[in-house]
Structure formats: C-alpha cells, structure tokens
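Asker: Could you have a look at this structure, given as structure tokens, before my questions?
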Amino acid sequence: MQRSVSVLLCIFLSYSVFAQPISSRAIDSLAERSMKAFDVPGLAVGVIKDGRLIHAKGYGVRSLNTRQPMDENTLFGIASNSKAFTAAALGILVDEGKIKWDDKVRDYIPEFKLYNPYVSEEFTIRDLLTHRSGLGLGAGDLMFFPDSSDFTLKDVLYNLRFLKQTSGFRTKYDYDNNLYIVAGEVVARVAGRSWDEFVTERILRPLGMNRTATSFDRLTDQSNVIEGHAAVNGNVQVIARSTMKIGHSAGGVNSNITDLAKWVQTLLAGGKYGDGKRLYSDRIARELWTPQTIIPVNNPGPYNTHFSSYGLGFFLSDVSGYKQVTHTGGLEGMVTQITMLPELGLGIVVLTNQQEGGAFVSITNQIKDAYLGKTGTDWVSLLSANRKQSLAMANHLTDSIWHEIDQTRLSGKTPDIRLFTGTYRDPWLGDVLISVKDGRPWFDSKRSPKLTGELFPYKGNTFVVKWRDRSMDADAFVNFSLDEEGRASGITMRAISPLTDFSYDFHDLEFRRVK
C-alpha cells in the first residue's frame, strides 16, 4: 500500500511540473475553429514556456492552389515583427559603444531631412523607433505598399521631407514604417554592411535561426513557404506574393515557428542564449522594454489594462497585473503576432496566411487567458461576431456610395472627363495619369503600378477609383480641384472604407496638375 501511494505521488508531482494550463489538443481545436471562423486557409502556432518550446504546429494549408499542408517549419513574412530585430541590432551597436540611443540621426545620415527643419536637426536614433515623429499614421507607406512600386531607399530618404507633420514632435503616438527603414540605414552606415547582412550575422546565425532570412528574396530554401490570401469579391483566394524590395528593417523578415521560438526565448531571457552567451546586455534588454511613447487607453477592457506604450520595437502594456510585450505584423495576404508575458516566462507566436487579424488575436488571447487563469471568454466567437458587425457597417457605407454612383450614371449628368484628364504630380509619390481607356476614365500611378483602376463619377468634382486588383480593399475618393477656367488643377484622395489598411495613406497625397 505504501509503495502504491509513493507511485501515485510521483505521478502527481510529474504531472504538476509538466502539465500546462492549455493542452496541445485544446490549441489544435482553437486553431481549427479560428481558421473556420475567419476564413484563414492556414496558420502556425508556437508556445514558449520557461525557456522551452512546448507547442509548435502548423494547421491547414500553405496555399489554396497547391493544398500543401502547413507545418512548424513553414515560412511566413512576419512583417512588422521585423522591427524588433532592428531595435536589437541598434542595441548591439550601443553595447559596442558605436552609437548612443540619443545620437542625432543626421550625424550618421547627413541627408536625413523632415518637413520641419528643427525636427530634422533634433531627431535621434531613439525617435526613429518610437512612433512619435509628428508624422501621421502610416505616412508615406504608399512608397512600398502595395508591393509593386519602384521606390528605392534613396527615394524614401529624400521624400520624407515632403511629408507634413500632423502633430507636435514627440507629443503623440502615430505608427510609422518609413522611419524604421531609416533606422536600418543607421545600422548599415555604422556597421559598414547592409542591415540584412548585419542582422543575419549578428542575430540569426548566433541564435541558430537557420531557415530565417531578412527578406523573401534572401531565403535559401523556398520549398516550404506560404502564399498570401485575401478575400476577393467575397471569396478568399491566393493573391500576388508580397516580397518587399525595400524596407526590410521595417517588415522584411521571413521566418517560422521553430526559428521564432529561439528569438522569443532569447528575448524572454534578456538577451541570453546558448551556454551563457549574450546577444545584448541587460541594460539593452531593459531599454527595449521600457515605455518611450504613451498610447492612450480608452477603457481597461477585458484585461484591466491601465497603461499602454511603445518601447523600442515592441508594444508594452499591463494585462491582468502582468507586463505584456507584443507586436503584430501585416503584409498583403498575411498577418502575424508575437506576444510575451515575461513574468510568466510565456511567449505565444501565431503566423497566418490571410490578411485577417481575428484568427491570431483569438488564438493568442485564448492561450494567454489559460495562463492568466481567466475563464468565461470565447475569443473566437466574440471576435467573429465583432468582425461581422464591422464588415456589415463598412459594407453599408460602401454600398451606399456605389448606389450614389449608379444613380449618377443613370441620370446622365456625368461630368466631362476631358476637364480632368492629364498628368498630376505629388511631391513624394510622383506622377499619376488621368486618361480615357476604352471609353472609361482611368487612374494610373507611374511609380506604383498596382494603383491603377477605373474612375467612376460620384458627386460634383469627386470620383471614386475602383482598383483593378480587387485584393486591395482600398477603393478611394478622388477629389479634383478646379481652376478659374473650370479645369482640374489638383487632386486629393481619401479611402472610402473605414476598414482600409492605414498603409494606403491616400490622404497624405497632394497632386498638382503638371500637364
């Protein structure tokens, strides 16, 4: 009898040590439900706990065309989760005494110039990483999004001077991508080699992230990669691959669950990896996860969150009394999320091949809730219902606009398109041509070929452009200003749907007729 009790006690203790609040079987069910609820063809989930990768699995298919299965080694573009690699790379250079966080950017990139001369002179390396420049949300993103433009790094550096500030310098959070591109160039100029080479040699190789590359084109093995998907006319399908020719330091990294687990383990260990080795110091680890820019919290929400901020490459907040470190990423056809609760030794990675965020949020929150001891919320059901409501509201708005367009067409009172045809130039996006093709008014961007589509008369001097690539859920108003002769002299634009990705920053464009 005594021996039986001892055996049972050992079994109980072993279970207590190794049992997890949420089982792999439960994660499997969660992933399958999320894919179905949000129409995601495939995803991968990784859970890291106390330095160990305890769950790593792919679900669904890499592509609706090939139907090849997903696994833990399938590669995704992780988009803005790349920003943490840029912050860490700069941290390594700070450790080596080659730069300081508060060095002026112009000390390393003399040609760096923003719209405001004072801001240009005072802008620091820290400012590049903290989304407090005064530029508006996603300002200038059309230089690389959607993925088709011919802009170069030199173009981006030059064109920043034309982007007007929408708030005071260092007074307000507004997410920015282009300044992370500049941050990558700081790494390159200080290190004497490209950002891609530096991150590969100083981060990826030491951590054994052997399948990961700093861009799609640098992947040595493309046999197990996803294709991106999006809803096109109501049906999810494969869309053109996003490869990001520039801006790798803002969103170029391609990786998988297996490799990202090594990255998350290093982050949770404060920069330590392997047998006592360090990627960066404790000092840098603290700096990366120290609030830099305050983000307003409208209400405490389900996690009783009181404070939110951006650090250096990471979002920081309190959730149910614990510090949360997280980031998301989105490219055409794919979205990702990495979340860490350092005090719990917990990391959650969710990678998806559809540009629908409900799946990764549902999975992340449900796993997080299990470790926080929170019950009672079915995140798949809740976020699926919220998504349907948001889509219904957005569709109601856009349907009403297309109804107005139909009424205008039926009335026969459409404006003379000859008053609007010509070439228009924006200081940073360049030229667009308004012309007639096969009897239809047409919009063509010279430097961003995906920005092409038919123009439909709406009201007065305002048209709506319907992009030919229907995976771009970004149809926009095209408003013509007229000169004293009644002829179009300029164009401003604005996205129609409130669900349009902020990187379609049409509202930042100011075209003037040049021909």
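Asker: Would you point out the residue of the range 304-336, among those that are of a type in the set (Phe, Trp, Tyr) and in contact with a helix residue (DSSP H, G or I) (Cβ under 8 Å, 6 or more places away or on another chain), that is surrounded by the most Cβ atoms within 10 Å (Cβ to Cβ)?
Answerer: Per the stated criteria, the residue is Phe314.
Asker: Please go through the range 421-452 and give me each residue that is in a loop (DSSP other than H, G, I, E, B) and small (Gly, Ala, Ser), ordered by number.
Answerer: Of everything in the range 421-452, those that are in a loop (DSSP other than H, G, I, E, B) and small (Gly, Ala, Ser) turn out to be Gly439, Ser448.
Asker: Are any of the residues in the range 287-298 out of contact with any Asp or Glu (no Cβ under 6 Å at 6 or more places or on another chain) and at positive phi?
Answerer: no
Asker: Would you say Leu429 is within 20 Å of Glu332 (Cα to Cα) and either among the β-branched types (Val, Ile, Thr) or surrounded by 14 or more Cβ atoms within 10 Å (Cβ to Cβ) (or both)?
Answerer: Spelling it out, Leu429 is indeed within 20 Å of Glu332 (Cα to Cα) and either among the β-branched types (Val, Ile, Thr) or surrounded by 14 or more Cβ atoms within 10 Å (Cβ to Cβ) (or both).
Asker: Pairs under 7 Å by beta carbon, first residue under 14 Å from Gly301 (Cα atoms) in the range 371-384, partner in a loop (DSSP other than H, G, I, E, B), six or more apart or different chains?
Answerer: Lys374/Ser320
Asker: Are there any pairs, at least 6 apart or on different chains, whose C-beta atoms fall under 6 Å, with the first in the range 36-57 and free of Cβ contacts under 8 Å to residues at least 60 places away in the same chain and the second assigned to a helix (DSSP H, G or I), and if so, which?
Answerer: His55/Ser24; His55/Ile27
Asker: Next question. Would you be able to tell me the number of residues in the range 170-185 that are part of a helix (DSSP H, G or I) and in contact with an Asp or Glu (Cβ under 9 Å, 6 or more places away or on another chain)?
Answerer: 3
Asker: Residue pairs, Cβ under 8 Å, 6 or more apart or interchain, first in the range 107-118 and over 18 Å from Lys154 (Cβ atoms), second among the charged types (D, E, K, R) and outside any loop (DSSP other than H, G, I, E, B). List them.
Answerer: Close Cβ pairs (under 8 Å, with a partner that is among the charged types (D, E, K, R) and outside any loop (DSSP other than H, G, I, E, B)) amount to Tyr115/Arg161.
No lab work stands behind these numbers, since they all come straight from the coordinates. Bear in mind the structure is a predicted one, so any value in this text is a computation, not a measurement. With ideal geometry, Cβ positions are generated from the backbone for all residues, glycine too; neighbour counts draw on all protein chains shown.
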